[in-house]
1. Here are some residues: Ser108, Ser79, Ser56. Which one is among the small types (Gly, Ala, Ser) and within 28 Å of Phe194 (Cα to Cα)?
2. Could you say whether any residue in region 97-109 is out of contact with any helix residue (DSSP H, G or I) (no Cβ under 6 Å at 6 or more places or on another chain) and at positive phi?
3. Spot the failing condition for Pro47; the list is (1) exposed (fewer than 15 other Cβ atoms within 10 Å of the Cβ); (2) closer than 23 Å to Ser145 by Cα, and only one is missed.
4. Quickly run through region 159-189 and pick out the residues that are under 11 Å from Ala216 (Cα atoms) and either touching a Leu at 6+ places or on another chain (Cβ under 9 Å) or acidic (Asp, Glu) (or both).
5. Testing Val115 on (1) under 18 Å from Glu204 (Cβ atoms); (2) open to solvent by less than 40 Å² (accessible area, probe 1.4 Å); (3) among the hydrophobic types (A, V, I, L, M, F, W, C), one condition comes back false. Which one is that?
6. Please go through region 230-255 and pick out each residue that is at pLDDT 90 or above and in a loop (DSSP other than H, G, I, E, B).
7. Scan region 146-178 for residues that are over 19 Å from Pro61 (Cα atoms) and basic (Lys, Arg) and jot them down.
8. Could you tell me which residue of region 62-80 is nearest to the chain's Cα centre (by Cα), considering only residues that are open to solvent by 10 Å² or more (accessible area, probe 1.4 Å) and under 12 Å from Leu17 (Cα atoms)?
Amino acid sequence: ARLIDLDPTHPASQFVLVWQDERDSVGEGGYEIYAQRVDAEGRLIQPNQRLTREPSNSEAPSVAVHDGGVAVAWMDGRSGRRAVWFASFTRGLTRVTVDRQVSPVNQSAVAPQLVWNRDRWMLAWYDDDEASPDHELWGATRDASGNPLVAPRRLTMDAGFSRYPSLLPLGDRVLVAWADDRDGAQYSLWARVFNTDFSPLSAESRVTRTAMGPTASVYPSLVRGPEGDVGVLFRDQREGRIQAWFTRLRCAIPR
């Protein structure tokens, strides 16, 4: 499930929660995307709203908001293989656009991430196809109405498996963090800054380091800190158990 503040100018006034739900085909795995608006006290505003109606499974939603409404990205297989789809809605969750496929047709696109960045929707995902020659992160952008701005482009180029992207919008740029196993069997977190067309503005930077044993760092989640820093929450097994870990990134001026 994903939760987002519907009005960042008035924090905690109203939220929207999105999730995948099996209620329409219990036991058959036919998931659909549902959404619910709640107030600051957690009280429901109108009933649950079903956002997708596709029998091939709609899963793993990501939600973002801007002044004109809400958009949701998710994964489903209606095109014959897993793909990232996108649609926009009003803040009252009335549909504005039809479902639109964002990822290329030759990918098995999973783990979609969506943010609103100044004047556009920015999406990222990774290609999980067994036959894929790269297994890399990809990104694309859409305008406020959901029309394509930047066609899908590859964001990572290393020989490892890059997965689990996370996006932090910064206005004229976006910070992308992900898990990568370029150094061996274990995953470490990496990060890179891109402009709003997903062209790189910085070199890739390692956020965590692998060691011997079960130390995989995966599932990064990014948030802006109070002094221009960035908080990074992630899953790690460095102590032998799956745990939540935290670190932060700070802007440093090169000397």
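1. On the way: Ser79 fails: within 28 Å of Phe194 (Cα to Cα); Ser56 fails: within 28 Å of Phe194 (Cα to Cα).
After applying the criteria, what remains is Ser108.
2. Pass one, region 97-109, residues out of contact with any helix residue (DSSP H, G or I) (no Cβ under 6 Å at 6 or more places or on another chain): 97-109.
Okay, now just the ones that are also at positive phi, so none.
No; the residues of region 97-109 include none that is out of contact with any helix residue (DSSP H, G or I) (no Cβ under 6 Å at 6 or more places or on another chain) and at positive phi.
3. Condition (2) is where Pro47 drops out.
4. First, the residues of region 159-189 that are under 11 Å from Ala216 (Cα atoms): 179-181, 184-189.
Across region 159-189, the qualifying residues are Ala179, Asp180, Asp181.
5. (1)
6. Taking region 230-255 first, the residues at pLDDT 90 or above are 230-236, 242-249.
Residue satisfying the conditions is Ile242 alone.
7. Scanning region 146-178 gives Arg153, Arg154, Arg173.
8. So in region 62-80, the residues open to solvent by 10 Å² or more (accessible area, probe 1.4 Å) come out as 63, 65-68, 75, 77-80.
Narrowing further to those that are under 12 Å from Leu17 (Cα atoms): 63, 65.
Working: Val63: 8, Val65: 13 Å.
Filtering first and then ranking leaves Val63.
The values are calculated or read from the model by the stated rules, or taken from the named source; none is laboratory data. Quantities reported herein were computed from a predicted structural model and do not represent experimental measurements. Every residue, glycine among them, receives a Cβ derived from its backbone with ideal geometry; neighbour counts consider all protein chains shown. Areas reflect the complete protein model, heavy atoms only, side chains present, ligands, DNA and RNA absent. Shrake-Rupley method; radii C 1.70, N 1.55, O 1.52, S 1.80 Å.
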